[in-house]
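S.K.: Structure provided below as structure tokens; questions to follow.
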Amino acid sequence: RAKDSESCRLLLDSDCDANILDLYGQSALFYAAKDNALENVKLLIARQAEVNARDLNRDTPLFYAVQQGHKAMCRYLVESAAADPLCENKVGVTPAGAAKTS
């Protein structure tokens, strides 16, 4: 489960790479942001997860938080983790622009 912070902590303590990607080009940070798992996001970022990583569509974890309407998660990613709200994805949409239309 994406929200299981104890499992996340155990994996990271076992030297798992916080930036390993799945077949969609997404790391655990994408799923934690999408699932509104703030504790996991904090754990992953503390272990050097790339906040502005891009998946195959050039979306970032912030895009997924915006799409799900997780305002507190978006705020944390931008204000505390330096996520870029102005980076464009494959079709030229930014997280800031997506937030305005949702």
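The values are calculated or read from the model by the stated rules, or taken from the named source; none is laboratory data. As the structure is a computational prediction, the values presented were derived from the model and not from experiment. Backbone-built Cβ (ideal geometry, glycine too); neighbour counts: all protein chains shown.
S.K.: With the requirement that a residue be of a type outside the set (G, A, S), surrounded by fewer than 24 Cβ atoms within 10 Å (Cβ to Cβ) and within 20 Å of A99 (Cα to Cα), what does segment 20-63 give you?
M.R.: Of everything in segment 20-63, those that are of a type outside the set (G, A, S), surrounded by fewer than 24 Cβ atoms within 10 Å (Cβ to Cβ) and within 20 Å of A99 (Cα to Cα) turn out to be Y31, K34, D35, N36, L38, V51, N52, R54, D55, N57, R58.
S.K.: Between residues in segment 10-23 that are within 17 Å of K42 (Cα to Cα) and residues that are modelled with pLDDT under 85, which pairs lie under 7 Å by C-beta distance while being six or more apart or on different chains?
M.R.: Close Cβ pairs satisfying both conditions: A18/L12.
S.K.: Now for a separate question. Tell me which of these R58 doesn't satisfy, since it passes every other one: (1) closer than 17 Å to V93 by Cα; (2) at pLDDT below 95.
M.R.: The single condition R58 does not satisfy is (2).
S.K.: Would you check which residues across segment 67-102 are among the polar types (S, T, N, Q) and in a helix (DSSP H, G or I) and list them?
M.R.: Selection gives Q67, T101.
S.K.: Further question on the same structure: Quick check on my filter: what residues within segment 62-102 are over 25 Å from A46 (Cβ atoms) and β-branched (V, I, T)?
M.R.: Those that are over 25 Å from A46 (Cβ atoms) and β-branched (V, I, T): V91, V93, T94, T101.
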